[in-house]
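We did not get these values from a lab; they are worked out from the coordinates using the rules stated. Since this is a predicted model, take the numbers as computed values, not measurements. Here the Cβ positions follow ideal geometry from the backbone for every residue, glycine too, while neighbour counts run over all protein chains shown.
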Amino acid sequence: MFKGKERRLTSRFGAARVVALMHCPGAAESYRHADQVKLVDLNKHGLAFISTEALDMGAAVEFELRLDELVVSSIKGTLQSAIPAGTGTRYGVVFDGSHEPATDEILYDIEHRLGRPHEDRKSNARRRIKGH
């Protein structure tokens with residue numbers, strides 16, 4: 001079922017175009033305020049980013065994500081993994097799901113713009129209603 005170190009049940013999408021601000025109250029000084037981090041990938045369940053700072057596994061983090069006019073704020077999650085990556089570390093974050101349902105819609109739209117291979121959401125919804 002899982003290949004290598006990959007343990008996700010859903011794909012993540014390359015997120016270099018997404019501007020991400022991270023706040024981690026218990027982290028090093030540079031992340032106590034919302035500072036920009038370099039995203040590697042994301043989906044509506046979590047994301048990965050690169051940092052040169054040492055962060056503690058299990059630490060609570062909060063993100064604001066922007067892609068063009070799409071903006072989501074106060075997405076809370078937990079640091080779940082850390083893998084050395086060049087001069088820094090690639091951290092994996094799982095969102096805790098405490099955000100508003102509208103946030104899921106925006107995350108879905110961000111996935112779509114990043115290249116998610118899927119049909120139009122409204123078409124899928126109509127198909128589910130007709131088939132029910």
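Full extension of the chain segment joining Thr52 with Asp96 gains 13.4 nm, where the gain is 0.36 nm per residue of separation less the Cα-Cα distance. Sorted on the mean count of surrounding Cβ atoms within 10 Å across their residues, most packed first, peptides 54-61, 72-79 read 72-79, 54-61.
Under unit Cβ charges (Lys, Arg +1; Asp, Glu -1), what dipole magnitude, rounded to 20 debye, does the range 35-76 have relative to its Cα centre? Numbers along the way, then the final one.
Numbers: 4 positive and 8 negative charges, 28 e Å.
For the range 35-76, the charge dipole is close to 140 debye.
With the simple model of a label 7 Å out from the Cα in the direction of the Cβ, Ala60 to His45 spans 2.4 nm.
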